[in-house]
1. Can you tell me the relative contact order of the chain? Whole percent, Cα pairs under 8 Å, sequence separation 6 or more.
2. Let me see the P(r) profile for the chain: every Cα-Cα distance counted, bins of 5 Å, each bin given as a percent of all pairs.
3. So what is the diffusion coefficient of region 1-68 in µm² per second by Stokes-Einstein at 10 °C and 1.306 mPa s, using a Kirkwood Rh over Cα pairs?
4. Relative contact order of region 34-139: what whole-number percent is it, with Cα pairs under 8 angstrom and at least 6 residues apart?
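What follows draws every value from the coordinates through simple rules; no lab data is involved. Treat the numbers as computed from the prediction; the structure is a model and nothing was measured.
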Amino acid sequence: MSDEVTAGTGTFLTLDDGRPAVRFGRVYAHPADRLWRFVTDPGELAAWFPSRAEIDLRPGGTIRFSGDPNMPESTGRVLAVDPPHRLSFESGGDELRFDLDALDGGGTRFTLTDVLAARDAAARNGAGWEVCLAALDLAVGGGRSEGPHSAGITAWKEIYDVYVEAGFPSGAPVPGTD
């Protein structure tokens, strides 16, 4: 890995295969099977994921995205599933990877890697995931989240500016800001 830049809780990096990615890590005091529901159950995803996602949870299965006010409805494909530890799927040309690793004491290390279709989407997507993961932190902690879109564009824009200033590649179009 090279080209590593960190801002907020995200890191921009180039994977060993040369593809650009943004990666986020969290540690939660819950077992992996509890976190697994946050990445696979449509009701739990609604608290933090940018779209409603209904997943046919098998390799090659379809994932349907809807309800994002800034994006049209779409579908993706499940790439890998290893309950309750790994899920990866295609979304809008990107590959999203969720890794849930059990820790001593019953907690879980949660890692989200967004393998980018376009390098210049790093700041845009990184800021978006930062907002989404703040909603996940709230939901995992037992709080009520109205979902990531309730934060509005202002919170996203402030984080985006921090990511750009830190050196995350930028310039990709930003849906919902026209």
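1. So the answer I get is 24 percent.
2. Per 5 Å bin, starting at 0, the Cα pair percentages come out as 1, 9, 17, 22, 22, 18, 9, 2, 0, 0.
3. 111 µm²/s
4. Once divided by the residue count of region 34-139, the mean separation gives 19 percent.
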